[in-house]
Amino acid sequence: MPETSLADDLSKLAGSLVLSHEHRQIRRLLGEARRFRLSPAAVEAVDRVVDRAPWTIEHNLDLAAHPVGRPIWIEFGDAPRRREGLGFEGHAVDLVGYLLAPSPADPDATAVVVAWRLASGTVHHAFSVVHWHRLDLATHAANARHRYSRIRLEALARMMSLFQIATPRGLKDIVLEAHLGEDDRMRQVALMDSRLAASGEMPFAFGALVLLADRLDADASEDGYVTVDGAPAPRSSVRRLLDRIGRRPLPSFHRRRGRMPSVSLVA
């Protein structure tokens, strides 16, 4: 277990950049957030589903945890899902985190900040923010269960279409100033890198949020975190999900509640 959490490290980083309105918001939201830590077994389980049967995540997106009333912070070690040969020397990721906050204008809309800590101890976050709407996820889940294919690449592409990415003005200015003096093409590449850093985490983030659905009211430990294991609590409706993940070569999220979404898509 790291000596300090990524949430605390990110809060310190945001506190050192108080001239940015967005960093002040990040620090405040981290202080309010309900914190979850995925165990290595849980990370492996979600990663296996993303890699082998991502359509089963689609089927359950209407059950995904949502930051109702207060933000959600999810933190986990990257090693269990790291692909051999894909890392860059000196840039191995130690921890990854997602900060989810409800929109003040619409409680069903979610904004997500992606952060990570390198093995060297340096902390980073994507300067672009992911946005999605809860009703879009619910409608998509219903369609996925009854109409969409179970083809891996198609399922991933559909999930990638469920959110939008924006770079807030204050964060965009930081990126552009960091590349001051470079030609415009390179500055646009830097902005694109930020969008990719955020969007590339979303299939795993969706899977993690489905896994958290039955843990939102769990008691936190002394360090303030709720640990989400590969084996959920007794009688949890998630148990069937992870049992199947551990036993079958092609894991799948079971449909965990026999109901259809009760909400409709709104413009």
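The values are calculated or read from the model by the stated rules, or taken from the named source; none is laboratory data. Note that the coordinates shown come from a computational prediction; the quantities given were computed from them, not determined experimentally. Glycine gets a Cβ as well: all are built from the backbone with ideal geometry, and neighbour counts include every protein chain shown.
The sole residue among A213, A208 that is farther than 13 Å from S128 by Cβ, at pLDDT 95 or above and small (G, A, S) is A208.
Specify which of the listed residues (R35, R28) is of a type in the set (D, E, K, R) and part of a strand (DSSP E or B). Only one candidate passes the filter, namely R35.
Pull up region 169-220, narrow it to residues that are basic (K, R) and in contact (Cβ under 8 Å) with a residue 40 or more places away in the chain, then point me to the one that is nearest to V114 (Cα to Cα). Restricting to residues being basic (K, R) and in contact (Cβ under 8 Å) with a residue 40 or more places away in the chain, the top hit is R195.
Every residue, every condition in (1) at pLDDT below 95; (2) of a type in the set (V, I, T); (3) more than 27 Å from L38 (Cα to Cα), yes or no:
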{"site": "D94", "(1), (2), (3)": "yes, no, no"}
{"site": "Y98", "(1), (2), (3)": "no, no, no"}
{"site": "T110", "(1), (2), (3)": "no, yes, no"}
{"site": "V123", "(1), (2), (3)": "yes, yes, no"}
{"site": "A126", "(1), (2), (3)": "yes, no, no"}
{"site": "M160", "(1), (2), (3)": "no, no, no"}
{"site": "L180", "(1), (2), (3)": "yes, no, yes"}
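Beta carbons closer than 9 Å, at least 6 apart along the sequence or on distinct chains, pair a first residue in region 75-95 that is part of a loop (DSSP other than H, G, I, E, B) with a second that is at pLDDT 60 or above and of a type in the set (F, W, Y) for D78/W116. Among the residues of region 100-114, is any surrounded by fewer than 19 Cβ atoms within 10 Å (Cβ to Cβ), in contact with a Phe, Trp or Tyr (Cβ under 9 Å, 6 or more places away or on another chain), under 30 Å from H21 (Cα atoms) and hydrophobic (A, V, I, L, M, F, W, C)? Yes, the conditions are met somewhere in region 100-114. Residue count for region 32-59, restricted to those that are under 16 Å from I74 (Cβ atoms) and hydroxyl-bearing (S, T, Y): 1. Of all residues in region 93-115, those being hydrophobic (A, V, I, L, M, F, W, C) and either in contact with a Gly (Cβ under 7 Å, 6 or more places away or on another chain) or more than 20 Å from A190 (Cα to Cα) (or both) number 9.
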